[in-house]
Amino acid sequence: MVSINTGMPRISRHQDLCATGHLCDDTAPVLSTQSTVFAEGQSMLRFGDPVAPHKIKRVLCVPHPNQKVKSSSQTVFAEGIGVGRYGDRADDGFMIGAAFTVHAG
């Protein structure tokens, strides 16, 4: 499916993937912490929402918990917090999963 509006980033939602920026687990889902604002039937992500636990490479692959969405919209909010979008920073990478039809500047 092709995005309808290419002028603004697409909204990221519960369990959409981020590129972690790490070896071992190079992607991980991000988990929405709000339950009132939805895009295509999934709750929208917001600044500070957690990246699911995953592994990073040190000498061996080790757990890497407590990572979050680190950037968001400055103009569109869900429950008073900026919504996460395709390309926004998450962990040491960025959001790669997002809705196809819902966008935010």
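The values are calculated or read from the model by the stated rules, or taken from the named source; none is laboratory data. Since we're looking at a predicted model, the values are computed, not measured. Quick reminder, even Gly has a Cβ in these numbers, built from the backbone with ideal geometry, and neighbours come from all protein chains shown.
One table, with the values for the structure above:
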{"item": "Residues that are farther than 16 Å from Ser12 by Cβ and touching a residue at least 24 places away in the same chain (Cβ under 8 Å), drawn from the stretch 63-74", "result": "His64"}
{"item": "Within the stretch 77-99, tally of residues that are in contact (Cβ under 8 Å) with a residue 40 or more places away in the chain and assigned to a loop (DSSP other than H, G, I, E, B)", "result": "11"}
{"item": "Residue check for Gln15: in contact with a Pro (Cβ under 9 Å, 6 or more places away or on another chain), assigned to a loop (DSSP other than H, G, I, E, B) and not acidic (Asp, Glu)", "result": "yes"}
{"item": "Residue count for the stretch 28-62, restricted to those that are over 26 Å from Phe100 (Cα atoms) and outside any strand (DSSP E or B)", "result": "3"}
{"item": "Qualifying residue in the stretch 43-58 (condition: modelled with pLDDT of 95 or more, in contact with a Ser or Thr (Cβ under 6 Å, 6 or more places away or on another chain), buried (at least 17 other Cβ atoms within 10 Å of the Cβ) and hydroxyl-bearing (Ser, Thr, Tyr))", "result": "yes"}
{"item": "Qualifying residue in the stretch 4-20 (condition: crowded, with 18+ Cβ neighbours inside 10 Å, modelled with pLDDT of 95 or more, of a type in the set (A, V, I, L, M) and in contact with a His (Cβ under 8 Å, 6 or more places away or on another chain))", "result": "yes"}
{"item": "Flag if Gly105 is surrounded by fewer than 20 Cβ atoms within 10 Å (Cβ to Cβ), modelled with pLDDT of 95 or more and assigned to a loop (DSSP other than H, G, I, E, B)", "result": "no"}
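For every residue, the table says whether it meets (1) more than 28 Å from Gly7 (Cβ to Cβ); (2) of a type in the set (S, T, N, Q); (3) over 14 Å from the mean Cα position of the chain (by Cα).
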site: Thr27; (1), (2), (3): no, yes, no
site: Ser32; (1), (2), (3): no, yes, no
site: Gln67; (1), (2), (3): yes, yes, no
site: Thr75; (1), (2), (3): no, yes, yes
site: Gly84; (1), (2), (3): no, no, no
